[in-house]
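Asker: Below you'll find the structure I mean.
The values are calculated or read from the model by the stated rules, or taken from the named source; none is laboratory data. Keep in mind the model is a prediction, meaning the values are calculated, not measured. Positions of Cβ are generated from backbone atoms using ideal geometry, with glycine treated the same way; all protein chains shown enter the neighbour counts. Only protein heavy atoms, including side chains, enter the accessible area calculation; ligands, DNA and RNA are left aside. Shrake-Rupley method; radii C 1.70, N 1.55, O 1.52, S 1.80 Å.
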Amino acid sequence: MTSSLLAQDPTLADFGRDPWWLVLGKIVFAFAFGLLATLLGVWFERRVVGYMQVRPGPNQVGPLGLLQTLADGLKMAFKEDILPKAADKVVYFFAPTISVICAVTALSVVPFGPMVSIFGHHTPLQVTDVPVAVLLLLACSSMGVYGIVLGGWASGSTYPLLGGLRSSAQMISYEVAMGLSIVAVFMTAGTMSTSGIVAAQGDATRLTIFGTEIPAPGWYAILLLPSFVIFFIATVGETNRAPFDLPEAESELVAGFMTEYSSLKFALFMLSEYVAMVTMSAVTTTLFLGGWRAPWPITLWEGANSGWWPMLWFFGKVIALVFVFVWLRGTLPRLRYDQFMRFGWKVLLPINLVWILVLSGLRSIEDFAPRDRLIWTSVGAGILLLAMLFWPSRKPQPKPTTQEQVDSRPYGSFPLPPMDLQVPPSPRITRVVAEREPANIVAGSDSREV
């Protein structure tokens with residue numbers, strides 16, 4: 001195989017031609033990647049957070065503590081499996097497996113590299129690809145919440161149920177923002193195939209400014225920066241990671257939807273969370289960071305995107321995004337539930353809609369003459385600026401005084417403490433206490449003073 005052939009971008013026509021053993025090998029590789037990434041991800045998170053908090057982290061089991069996660073997994077496997085009396089046994093058993101299966105299935109359409117030669121077979125480093133592969137990714141992320149909701153409901157307890165309901169509301173709120181942020185990728189790449197999106201980011205984008213062509217980076221994380229930021233925030237919310245870990249908030253829900261789970265079922269929920277984190281990091285790399293293509297300084301080497309080297313660049317980008325997940329957990333406090341929902345509906349969603357409208361306008365005038373394009377761009381920017389300047393703002397309501405708040409309280413409310421912080425005198429002081437007079441006892445003839 002020549003280097004030019006090995007550097008070829010896979011297309012939809014390249015899938016479905018592999019022998020059965022090669023397909024099985026790809027499936028096993030994707031599953032092993034998710035499982036191994038979970039084992040190393042837990043160790044990586046504990047080490048990084050420990051470094052941020054000036055403590056060593058796991059460092060006893062194995063070199064640098066690398067086997068600590070494996071030891072924890074074996075320990076959870078041999079723990080007692082407790083089944084709540086009020087649980088729905090069938091749903092309670094299958095709920096963790098739903099989350100794991102959905103998280104692992106999403107890796108099937110993620111491209112790990114270009115066309116390579118495996119035992120003489122020319123094949124892409126990807127399990128499969130379809131024309132609507134990104135919709136499959138969205139479906140897997142949406143279906144994963146069913147495991148959490150069903151697990152909380154089937155536990156037969158209050159805290160898990162509240163955690164499951166929170167998770168469903170969280171998924172609805174941030175799935176909308178995530179889907180809209182991918183619309184910009186569809187519009188720019190012209191395809192919903194993951195391999196096609198990676199190929200579209202391979203060439204530098206040419207921007208024409210005042211008749212001069214200027215090469216721009218091909219990564220959509222730079223060209224579509226608002227979509228990239230919103231998508232990554234939505235992935236943090238979708239994966240229930242801090243600061244959006246409301247479904248398992250220990251401070252108010254003990255452990256949320258996992259409260260009644262133990263042993264291997266608890267381990268499956270934990271596994272699904274880390275697999276989902278690694279999967280969404282891989283999806284973000286595919287959609288916005290050029291996928292398996294090397295970053296700019298490395299592209300100066302002609303063989304950077306050939307053979308098996310692209311897997312190294314892909315894994316490096318995934319590890320960088322996982323580090324950001326861990327970084328957020330180690331630095332940001334958990335949001336309140338009302339702040340979390342307000343941020344999704346009133347901040348991310350409007351910004352996303354405005355950005356898609358602006359991008360649609362820019363795409364519609366691409367074929368115009370340079371002078372007409374400049375005029376329409378100036379008109380659109382002026383309209384947007386005027387809308388921002390004259391957008392009606394809600395005036396804050398005057399805050400009532402303390403006495404007005406006291407007067408507006410309904411009858412029969414609880415008593416209030418003193419507003420002037422002066423403790424009133426005790427009512428016992430005003431009570432008249434009778435002085436005790438000495439008892440006069442007449443002594444008998446046979447009595448004597450003691």
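Asker: Show log10 I(q)/I(0) for the range 21-172 at q = 0.11 Å⁻¹, two decimals, from a solvent-free Debye sum over equal Cα scatterers.
Answerer: Each listed q maps to, in turn, -0.66.
Asker: Sticking with this one: Keeping every protein chain present and rolling a 1.4 Å probe, give me the accessible area per residue for the range 255-371 in Å².
Answerer: On the way: 5720 Å² over 117 residues.
Heavy-atom accessible area per residue stands at 49 Å².
Asker: Assuming R0 = 41 Å, can you tell me the calculated FRET efficiency for the pair residue 74 and residue 332, based on Cβ-Cβ distance, to the nearest 0.05? Present the calculation step by step, with values, prior to reporting the outcome.
Answerer: Working: r = 32 Å, r/R0 = 0.79.
Between residue 74 and residue 332 the formula returns 0.80.
Asker: Further question: Report the Cα centroid-to-centroid distance between the range 316-381 and the range 229-264 in angstrom, as an integer.
Answerer: Value for the Cα centre distance between the two parts: 24 Å.
Asker: Right, something else. If you only keep lysine pairs separated by 8 or more in sequence, or across chains, how many in the chain come under 23 Å at the Cα atoms?
Answerer: Numbers: 26/317; 75/265; 79/89; 79/265; 85/265; 89/265; 346/395.
Lysine pairs, 8 or more places apart or on different chains, close enough: 7.
Asker: Taking N as the number of residues in the chain, what value does Rg over Cα atoms divided by 2.2 N^0.38 Å take?
Answerer: On the way: Rg = 31.7 Å, N = 450, 2.2 N^0.38 = 22.4 Å.
Scaled against compact globular proteins, the figure is 1.41.
Asker: Let me ask something else about it. Within the range 30-57, list the residues whose amide N lies under 16 Å from a label point set 7 Å along Cα→Cβ of residue 118.
Answerer: 30-34
Asker: Mind ranking 244-250, 321-327 by how tightly packed they are, going by the mean number of other C-beta atoms within 10 angstrom, highest first?
Answerer: Working: 244-250: 21.0, 321-327: 18.1.
Highest mean packing first, the order is 244-250, 321-327.
Asker: When a/c reaches 1.5 or more, the comparison of a/b and b/c decides; with that in mind, is the range 20-95 rounded, prolate or oblate per its Cα gyration tensor?
Answerer: Working: a/c = 2.43, a/b = 1.17, b/c = 2.09.
Taking the square roots of the gyration eigenvalues as a ≥ b ≥ c, the range 20-95 is oblate.
Asker: How many percent of the accessible area of the chain is carbon or sulfur, using a 1.4 Å probe?
Answerer: Carbon and sulfur: 68 percent of the exposed surface of the chain.
Asker: Helices from the chain with mean Kyte-Doolittle at least 1.0 and a Cα length along the axis of 15 Å or more, per DSSP H: which? Please list the in-between numbers first.
Answerer: Details: long enough: 20-52 (47 Å, 1.34); 89-105 (25 Å, 1.68); 133-154 (32 Å, 1.84); 158-189 (46 Å, 0.97); 225-238 (19 Å, 1.74); 263-288 (38 Å, 1.28); 309-331 (34 Å, 1.45); 349-364 (23 Å, 1.49); 370-389 (28 Å, 1.02).
Helices meeting the span and hydropathy rule in the chain are 20-52, 89-105, 133-154, 225-238, 263-288, 309-331, 349-364, 370-389.
Asker: Please report the base-10 log of the normalised intensity I(q)/I(0) for the range 218-365, using a Debye sum with one equal scatterer per alpha carbon and no solvent, at each q in 0.11, 0.15, 0.21 (1/Å).
Answerer: -0.56, -0.92, -1.30
Asker: Let me ask you something else. Would you please give the FRET efficiency between residue 13 and residue 51, computed as 1/(1 + (r/R0)^6) with r the Cβ-Cβ distance and R0 = 35 Å, to the nearest 0.05? List each step's numbers first, then the result.
Answerer: Working: r = 47 Å, r/R0 = 1.35.
Calculated value: 0.15.
Asker: Further question: In square angstrom, what is the accessible area per residue of the range 84-234 with a 1.4 angstrom probe?
Answerer: Details: 6090 Å² over 151 residues.
Value returned for the range 84-234: 40 Å² of accessible area per residue.
Asker: Sort 294-306, 182-194, 402-414 by packing, meaning the average of other beta carbons within 10 Å per residue, with the highest value first.
Answerer: Details: 294-306: 14.1, 182-194: 19.2, 402-414: 8.2.
Ranked from most to least packed, the peptides come out as 182-194, 294-306, 402-414.
Asker: Which trypsin sites (Lys or Arg not before Pro) from the range 8-70 combine a DSSP loop assignment with at most 12 other Cβ atoms within 10 Å? Walk me through the numbers before you get to the answer.
Answerer: Details: sites: 17, 26, 46, 47; in loops: 17.
Those satisfying the criteria are 17.
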